[in-house]
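One structure is given here, and the rest of the page talks about it.
Read-outs throughout are calculated quantities, based only on the coordinates presented, and are distinct from any laboratory measurement. For clarity, every value in this text was computed on a predicted model and none was experimentally measured. Neighbour counts run over all protein chains shown; Cβ positions are idealised from the backbone, glycine included.
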Amino acid sequence: MPTDRPTLLRRRTVAAALVAFPALWLGPRAQPGTARRATPSQTEGPFYPVALPRDSDPDLLRNGTLVYPEGEPAWVEGQVSDLAGKPVAGARVEIWQCDHAGHYHHPGDGDRADRRFQGFGSVTVAADGRYRFRTLRPVAYAGRTPHIHVKVKLGQRELLTTQLYVAGDAGNTRDFLWRRLDETDRAALTVPFTAGNDGLRANFPIVVTA
């Protein structure tokens, strides 16, 4: 029995849609993600611990039972991800910095650091790649603008060593390491410390080649 023209057109339309549907569905998935730029590395500088301290948790404002009341409290947080934007689960983020008077817990800086300030902290990120530290807004010392040292490891591999700077700090333009950065790298390493309900907050996303 011959097929009427309207029915034939409907069948052709459905067939075309079934052919096109997989391409429409799979197309976006098949497209590669936009590669991102890795966070710039910088010198390790002073003073990575000779031996990791007994208390090296993410709260640098408590050293054992001692509470550190000096400086401006701040949360430093962000996500560790790879060049494709995928969180790097299991990465270990470490930070270290001087106390409010500009001294590190390190033999190279003598025994002048405030014992109440932990000075070093580490955290291993979960599946979401998020990390968070409780510390203080970094301060300047002779020859350096305020900064926090950052290191990222994955197992036995060291993925990144760099430094985090405070956006808008007057000392940045006089700092020899900050001045060496181009505009793009400065933007990646220099973040604002903004007021929050429980202290300052700084968001520092970290992109690594994992």
Worksheet, complete the sentence: Within the range 53-84, residues out of contact with any Phe, Trp or Tyr (no Cβ under 7 Å at 6 or more places or on another chain) and part of a loop (DSSP other than H, G, I, E, B) come out as Arg54, Asp55, Asp57, Gly64, Thr65, Pro69, Glu70, Gly71, Glu72, Leu83, Ala84
Discussion item. Considering only residues that are in contact (Cβ under 8 Å) with a residue 40 or more places away in the chain and of a type in the set (Ser, Thr, Tyr), which ones fall in the range 115-144?
Written reply: Ser122, Tyr131, Thr135, Tyr141
Fill in: Hits in the range 149-205 - residues which are among the polar types (S, T, N, Q) and under 24 Å from Leu60 (Cβ atoms)
Thr161, Thr162, Gln163, Asn172, Thr190, Thr194, Asn197, Asn203
Discussion item. Give me the residue from the range 48-80 that is surrounded by 14 or more Cβ atoms within 10 Å (Cβ to Cβ) and of a type in the set (S, T, N, Q) and, out of that set, nearest to Ile206 (Cα to Cα).
Written reply: Gln79
Discussion item. Being touching a residue at least 40 places away in the same chain (Cβ under 8 Å), among the aliphatic types (A, V, I, L, M) and out of contact with any Lys or Arg (no Cβ under 7 Å at 6 or more places or on another chain) is the requirement here; does Leu164 meet it?
Written reply: yes
Worksheet item: Restricting attention to the range 153-186, which residues are over 21 Å from Ala140 (Cβ atoms) and small (Gly, Ala, Ser)?
Response: Gly155
